[in-house]
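Since the structure comes first, as structure tokens, the remarks are kept for the end.
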């Protein structure tokens, strides 16, 4: 029921791909608008914002048109979920995208099922944020860490840590069973993303940096070489 | 270039020849002039009365006053005088006696003269002396008579009647009043007479004759110069005034001789005398002995006759020499003989000059010296110049080689294009061509490097179109027949996707180096964790880790990249290694490096392509289910290079088994 109300804007210059994704998304009940360039998309977003934007990085003549569009969208809405879906798989592009405030970065070689799963996960987060805070909210507390799963909020030493959705799920997965090593696949599953190993590494680095920003001594995420990561409680 | 000294020598040789010729001509001219003067001088000396037809006696010049002591052996005055012995003959009885009956007594004498006295030394063979006894004046006694003629044709007659061995008196019997004067010594010693006497030269300057009367084997046996009553023979003597005259013409290296018609030496000046007088000149000439030696080697002809000492006992040895001007070989310098004939009052004189080539040698040698110095200087300059030029060329080539070696890394990647030379020569051209080639090569390499990435990127979109279409198709309800083909199409697409990912992986890895995080980690702990992880992931295989627990294996590296490197090595190993035999890690500390070896019992690499194993797109595999582009080991190499490490692969001894060795510097 909710899904039919949800409106996804798909900005993709490759018509065949765009329509394939549109078809898949529509099949499971989303309303999808297609845009083939930045200008059309911006014109439509000026009238009304979609519930989610899926953007390609290269848009027709504009090599980084998707990034520009993302920047503009972030100015329009702080909370609008944005997913990049692109053929480019360089780390630089991915970092740029996440830095611009995109919630996810998917390459076009992931399967359509995974795209759909990511979209659903993002909507779940939005739903959770919209819910009022209740007493029975699921909260995980380990030492200085406190995680509110319903509201997708993280606190370290009672200060909020601003994590993206992907980062939140990674932290959640690690912290849920402290001491246990979570390998990259497990972390990817938890975050509902299909990323290569390096991307998980990038995420872990960013997460550590964000915690370090609050607490320079933060050292709770340990690397288990070749296996993954684990949360350690001092 | 070596022709230069040869040409120099040739020119010096020509110079020497012409010098020799001109010297020869000069000598000729000088001799002609000297000849006239000598002729004049000889004319004045009134030698016209010389009767040389019947042989003559010769008296060389003695420069000292001689002691008339009857000795002529060693350490006597005669020792240094080279004068011939003359015989006195027994003319009286020759015809009447048989050969056996001929008296075996012989008498010989020799002469020497200075400008005052004529010295006479007479020696007989063994005999019994018969001395004059004034008490018995008629008894047969030995007696010496001498006839002499001076240049005023005054005849003098002398007589000596020895009264015993010792000093004797001489009587001039030609004068009205017979006077006696001390003549010298008449010695009877060792069985024979030694008579040493002297008479004034002015009384015997033209001729002299002896008549020695002995009474040994026969009574009144005469030993005479001539059988006649006027038994004198003309006297030829070496004359001081002529010697002085000749001295006027003397030059270094020139020996002058004046010979009479019988080739007796009447005057001489030797080059050696002059040389002895000027020893200091000799010393100065000595330093050039080397060039003299070279000179002699170069210019001495072996075809010339050898030079011999020309005079012996006052007489010219080989008169035929005088016929022509000729060169003779001598060491160290060649000699030239010139002769001129002087006729004085119908008498022949030979004026002989022997010139050694010293003078021309010195000039030519000096020329040769200068030439050689000049030549060797030129050659040295040229050689130095050429050497410097060759060195500079070589240096430039070496520099170019170094630059290009430094510019291109072991993978053939161009790090920086070396600056080209601006010089307009061939090497400059080469350098510029090389630079252009390198630039082109660089562009091509870049193109190739990005080709895979570009290609994969360009292919990704159509692949995405296909895959998304297939996935949509999957979601729509299809009949089982169609699902079968759909599944195959999906498999193909997935495989294509993986291939495309692999293609861009290496490129992506190099980009990720920029973000690599270096960390100081205990490598042994890290390997413990990794092997544990590999045991989990590849549960069918066994993994062993060996290292010395006492060593500190802390190392600075980018852990994520090293893990990726090991992932590739292990993924490679598990594909080949038999399940029942472990994959073995060994960690060693070698000075400032850590050595990690990964060993498995898989089949050997084919030995010819081991060095290329780590190159991109080289695969050792025969068949595989998954797409394999041979990028795994290339990535291993890239990461190893990024850590400034060394990766190598080799076959283990035996039937099978391979080992990868990674050397990582600890402090990077």
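Points to keep in mind about this one:
- Boolean, residue A:72 is away from chain B (no Cβ under 14 Å), over 19 Å from residue A:207 (Cα atoms) and either part of a strand (DSSP E or B) or touching a residue at least 40 places away in the same chain (Cβ under 8 Å) (or both): no
- Here residue B:141 meets the list (1) assigned to a loop (DSSP other than H, G, I, E, B); (2) modelled with pLDDT under 85 almost entirely, failing just condition (2).
- Residues (surrounded by fewer than 16 Cβ atoms within 10 Å (Cβ to Cβ), within 13 Å of chain A (Cβ to nearest Cβ) and part of a helix (DSSP H, G or I)) located in the range B:465-484: B:475
- For the range B:485-504, the set of residues classified as closer than 20 Å to residue B:637 by Cβ, in contact with a helix residue (DSSP H, G or I) (Cβ under 8 Å, 6 or more places away or on another chain) and more than 9 Å from chain A (Cβ to nearest Cβ) consists of B:503 only.
- Any hit, the range B:375-396, residues being surrounded by 12 or more Cβ atoms within 10 Å (Cβ to Cβ) and either assigned by TED's automatic domain parsing to the domain that holds residue B:263 or modelled with pLDDT under 85 (or both): yes
- Screening A:115, A:171 for residues that are within 14 Å of chain B (Cβ to nearest Cβ), closer than 25 Å to residue A:77 by Cβ and buried (at least 17 other Cβ atoms within 10 Å of the Cβ) leaves exactly one candidate, A:115.
- Test: residue in the range B:410-420 that is more than 29 Å from residue B:646 (Cβ to Cβ), assigned to a loop (DSSP other than H, G, I, E, B) and either out of contact with any strand residue (DSSP E or B) (no Cβ under 9 Å at 6 or more places or on another chain) or in contact (Cβ under 8 Å) with a residue 12 or more places away in the chain (or both): yes
- In the range A:144-168, the residues that are within 17 Å of the chain's Cα centre (by Cα) and either in a helix (DSSP H, G or I) or surrounded by fewer than 21 Cβ atoms within 10 Å (Cβ to Cβ) (or both): A:149, A:150, A:151, A:152, A:153, A:162, A:164, A:165, A:166, A:167, A:168
- Among residues of the range B:532-554, those that are within 13 Å of chain A (Cβ to nearest Cβ) and either part of a strand (DSSP E or B) or buried (at least 18 other Cβ atoms within 10 Å of the Cβ) (or both), counted: 4
- Members of the range B:519-531 found to be more than 7 Å from chain A (Cβ to nearest Cβ) and either in a helix (DSSP H, G or I) or free of Cβ contacts under 8 Å to residues at least 12 places away in the same chain (or both), listed by number: B:523, B:524, B:525, B:527, B:528, B:531
- Of the residues making up the range B:191-213, those that are under 21 Å from residue B:227 (Cα atoms) and at pLDDT below 85 are B:204, B:206.
- All conditions in (1) within 22 Å of residue A:205 (Cβ to Cβ); (2) facing another protein chain (nearest Cβ under 8 Å); (3) in contact with a strand residue (DSSP E or B) (Cβ under 8 Å, 6 or more places away or on another chain) hold for residue B:515, with the sole exception of (3).
- Residue count, the range B:556-583 (criterion: touching a strand residue (DSSP E or B) at 6+ places or on another chain (Cβ under 9 Å), away from every other protein chain (no Cβ under 13 Å) and closer than 20 Å to residue B:647 by Cβ): 7
- For residue A:130, the conditions (1) at pLDDT below 80; (2) within 14 Å of chain B (Cβ to nearest Cβ) all hold with the exception of (2).
- If you check A:106, A:25, A:98 for being in a strand (DSSP E or B), within 14 Å of chain B (Cβ to nearest Cβ), touching a strand residue (DSSP E or B) at 6+ places or on another chain (Cβ under 9 Å) and surrounded by 15 or more Cβ atoms within 10 Å (Cβ to Cβ), only one passes: A:106.
- Only residues that are in contact with a helix residue (DSSP H, G or I) (Cβ under 8 Å, 6 or more places away or on another chain) and surrounded by fewer than 22 Cβ atoms within 10 Å (Cβ to Cβ) were counted in the range A:68-82, giving 5.
- In the range A:28-49, the residues that are surrounded by 19 or more Cβ atoms within 10 Å (Cβ to Cβ) and within 23 Å of residue A:71 (Cα to Cα): A:32, A:35, A:38, A:41, A:45
- Output for the range B:412-435, where each listed residue is surrounded by 15 or more Cβ atoms within 10 Å (Cβ to Cβ) and within 25 Å of residue B:611 (Cβ to Cβ): B:414
- Qualifying residue in the range B:454-461 (condition: touching a strand residue (DSSP E or B) at 6+ places or on another chain (Cβ under 9 Å), within 14 Å of another protein chain (Cβ to nearest Cβ) and part of a helix (DSSP H, G or I)): yes
- The condition of being closer than 28 Å to residue B:638 by Cα, more than 14 Å from chain A (Cβ to nearest Cβ), part of a helix (DSSP H, G or I) and in contact with a helix residue (DSSP H, G or I) (Cβ under 9 Å, 6 or more places away or on another chain) holds for only one of B:445, B:438, that being B:438.
- For the range A:219-234, the candidate set comprises residues that are in contact with a strand residue (DSSP E or B) (Cβ under 7 Å, 6 or more places away or on another chain) and away from every other protein chain (no Cβ under 13 Å); within that set, the residue that is surrounded by the fewest Cβ atoms within 10 Å (Cβ to Cβ) is A:233.
- Residue list for the range A:73-95, restricted to those being under 24 Å from residue A:16 (Cβ atoms), modelled with pLDDT of 80 or more and in contact with a strand residue (DSSP E or B) (Cβ under 6 Å, 6 or more places away or on another chain): A:82, A:83, A:84, A:85
- Unmet requirement for residue A:4, which otherwise passes all of (1) part of a helix (DSSP H, G or I); (2) at pLDDT below 90; (3) within 14 Å of chain B (Cβ to nearest Cβ): (3)
- Those residues of the range A:174-190 which are surrounded by 18 or more Cβ atoms within 10 Å (Cβ to Cβ), in contact with a helix residue (DSSP H, G or I) (Cβ under 9 Å, 6 or more places away or on another chain) and away from chain B (no Cβ under 13 Å), in sequence order: A:174, A:187, A:188, A:190
- Total residues in the range B:585-601, condition within 60 Å of the chain's Cα centre (by Cα) and either surrounded by fewer than 21 Cβ atoms within 10 Å (Cβ to Cβ) or outside the structural domain of residue B:520 (by TED's automatic domain parsing) (or both): 6
The values are calculated or read from the model by the stated rules, or taken from the named source; none is laboratory data. None of these values were measured; they are calculated from a predicted model. No Cβ is skipped: glycine too gets one built from the backbone with ideal geometry, and neighbour counts run over all protein chains shown.
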